[in-house]
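Here the structure comes first, spelled out in structure tokens, and everything after it is commentary.
The values are calculated or read from the model by the stated rules, or taken from the named source; none is laboratory data. Small disclaimer: the values here were computed from a predicted structure and weren't measured. Using ideal geometry, Cβ is built from the backbone for each residue, glycine included, and neighbour counts are taken over all protein chains shown. With ligands, DNA and RNA removed, areas are computed over all heavy atoms of the protein, side chains included. Shrake-Rupley method; radii C 1.70, N 1.55, O 1.52, S 1.80 Å.
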Amino acid sequence: MAGPEFDTEIKQLQATMQTIGQVLDLDAMRKEIADLGEQVAAPDLWDDQDNATRVTGRLSLLQGELNKFTELRTRIEDLGLMVEMAQEEGDADSLAESEAELSRVKKAVESLEIRTLLSGEYDAREALVTIRSGAGGVDAADFAEMLMRMYVRWAERNKYPVEVFDTSYAEEAGLKSATFAIHAPYAYGTLSVEAGTHRLVRISPFDNQGRRQTSFAAVEVVPVLEQTDEIELDENEIKVDVYRSSGPGGQSVNTTDSAVRLTHIPTGTVVSCQNEKSQLQNKAAAMIVLKAKLLALKKAEEEAHLKDLKGDVAASWGDQMRNYVLNPYQIVKDLRTTYETGNPQAVFDGDIDGFLEAGIRWRRGAEKAEQN
């Protein structure tokens, strides 16, 4: 890459960082960090554990965001110096390394820019993901398990902890359903664009005649609740069922009725948890999931009401949102954003950042169009 091209690229990155800094409002961020730091230093902080958890969590989030911005801005400055020295000395190896670093920095800036688009009410929350197999029999159950693995691998790539609440295995192979949490800031805002129906086309490994099979799986993403969320539940409106936990092939995980299923009678919302060892632990975990889903349901009803007031009856998100085609050709294509890749294996191994970023940009564009 020639000198002027390096200079242009670096100036563009600096301009983008300046815009990102304005959106993040760094001065306000630093002020809030200072205020939260004073609260953390207070000797009576942990007298109220819920508030202490909220304060320390918020401080950690903001400090992490500020550090990420500062470190990236420093990398861009260092890159400029690296290029300048390499050009003065005519060092081809250093120029090659500068070009590689430029590529890495550009990707990091794009990711940070995506973060500025996550400004929804719950976007900063952790995510609770539920996957259900749909039409397609055993292939659909297998597809549901492939999708769960995809999201878990994505979380592992980013070093995000995953907590599995419930896995309901199909009789022959795969999953009927699974619910798990991804504990990371902005996990909900990032993964919410994955909600919808996913479609798989392939030669079925379960068909002895080797025929092509189309199967479906549904993905639901809701934000994990915080202590400040107001979701009041009447115990009389919740039906509690207990049953024996089971694993793949129906094998018993334990010999006690420790698994718990909660049904919210007014809404018909059903959740279950069987991954903890005791019934009390499973009930507590199931209650977390139930409250999160009821919060999402409440939010969806409010949004639907606003759309009715606007006279907007068209849904902005189609039900079927992504195709995974493994035969007769190989492609994964998002039907909303048109983003695609010819490497389905990489996608199933958790390489979904391109789809997530395209989805977030698409959603922001759709929101702006609605406002106009």
key: Residue selected from the stretch 257-298 under the condition of a type in the set (G, A, S) and touching a helix residue (DSSP H, G or I) at 6+ places or on another chain (Cβ under 7 Å), by the criterion most open to solvent (accessible area, probe 1.4 Å)   = S272
key: Residue within the stretch 145-159 that is over 18 Å from A346 (Cβ atoms), without any contact (Cβ under 8 Å) to a residue 60 or more places away in the chain, open to solvent by 50 Å² or more (accessible area, probe 1.4 Å) and assigned to a loop (DSSP other than H, G, I, E, B) present   = yes
query = Got a number for residues in the stretch 202-226 being crowded, with 17+ Cβ neighbours inside 10 Å and either of a type in the set (K, R) or closer than 19 Å to I331 by Cα (or both)?
reply = 6
task = Looking only at the stretch 83-102, decide whether some residue is within 22 Å of P185 (Cβ to Cβ) and either out of contact with any Phe, Trp or Tyr (no Cβ under 7 Å at 6 or more places or on another chain) or at pLDDT below 90 (or both).
result = no
query = Out of all the residues in the stretch 40-55, is one or more surrounded by 13 or more Cβ atoms within 10 Å (Cβ to Cβ) and of a type in the set (D, E, K, R)?
reply = yes
query = Counting only residues that are of a type outside the set (F, W, Y), in a helix (DSSP H, G or I) and open to solvent by less than 10 Å² (accessible area, probe 1.4 Å), how many does the stretch 337-367 have?
reply = 5
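Quick grid of which residues meet (1) among the charged types (D, E, K, R); (2) closer than 23 Å to G354 by Cβ:
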| position | (1), (2) |
| --- | --- |
| T19 | no, yes |
| L26 | no, no |
| L59 | no, no |
| L72 | no, yes |
| M82 | no, no |
| E89 | yes, no |
note = Counted residues in the stretch 183-201 being touching a Gly at 6+ places or on another chain (Cβ under 8 Å) and either closer than 12 Å to G136 by Cα or open to solvent by less than 10 Å² (accessible area, probe 1.4 Å) (or both) come to 4
task = Mind counting the residues in the stretch 95-128 that are surrounded by fewer than 16 Cβ atoms within 10 Å (Cβ to Cβ) and not in a helix (DSSP H, G or I)?
result = 2
task = Hey, can you tell me all the residues within the stretch 323-336 that are modelled with pLDDT of 95 or more and open to solvent by less than 60 Å² (accessible area, probe 1.4 Å)?
result = N323, Y324, V325, L326, I331, V332, D334
